[in-house]
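**Student:** Attaching a single structure in structure tokens format; questions to follow.
A short reminder: the numbers here are calculations on the coordinates, not readings from a lab. The shown structure was predicted, so the numbers you read here are calculated from the model rather than taken from an experiment. Reconstructed Cβ throughout: ideal geometry from the backbone, glycine too, with neighbour counts over all protein chains shown.
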């Protein structure tokens, strides 16, 4: 039986796919970046919130328990190539 899959070729390039296709992926990337910077305390900021700014930048930030004062981790990740544009933590 002939394998027809080899006849169908789809070129995948930086312009045809998004390396960070959804908010869940952005959250996992954020956690991987934050962990070596802020340590395991970053887990206390779960659940992380993700949103798409425009159509190209994922914004992920931590959350704090109700009535808790302080800042949260924040990151901006470019959707098309996973470039980290900003990492910060509020006070």
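**Student:** Among the residues of the range 33-91, count how many are without any contact (Cβ under 8 Å) to a residue 40 or more places away in the chain and either under 16 Å from the mean Cα position of the chain (by Cα) or crowded, with 18+ Cβ neighbours inside 10 Å (or both).
**Tutor:** Looking only at that region, the number is 30.
**Student:** Also, I was wondering about something else. Anything in the range 13-26 that is free of Cβ contacts under 8 Å to residues at least 40 places away in the same chain and within 10 Å of the chain's Cα centre (by Cα)? List them, or say none.
**Tutor:** 22, 23, 24, 25, listed by residue number.
**Student:** Still on this structure: On the given criteria, is residue 29 within 10 Å of the chain's Cα centre (by Cα) and either assigned to a strand (DSSP E or B) or surrounded by 11 or more Cβ atoms within 10 Å (Cβ to Cβ) (or both)?
**Tutor:** The answer is yes for residue 29.
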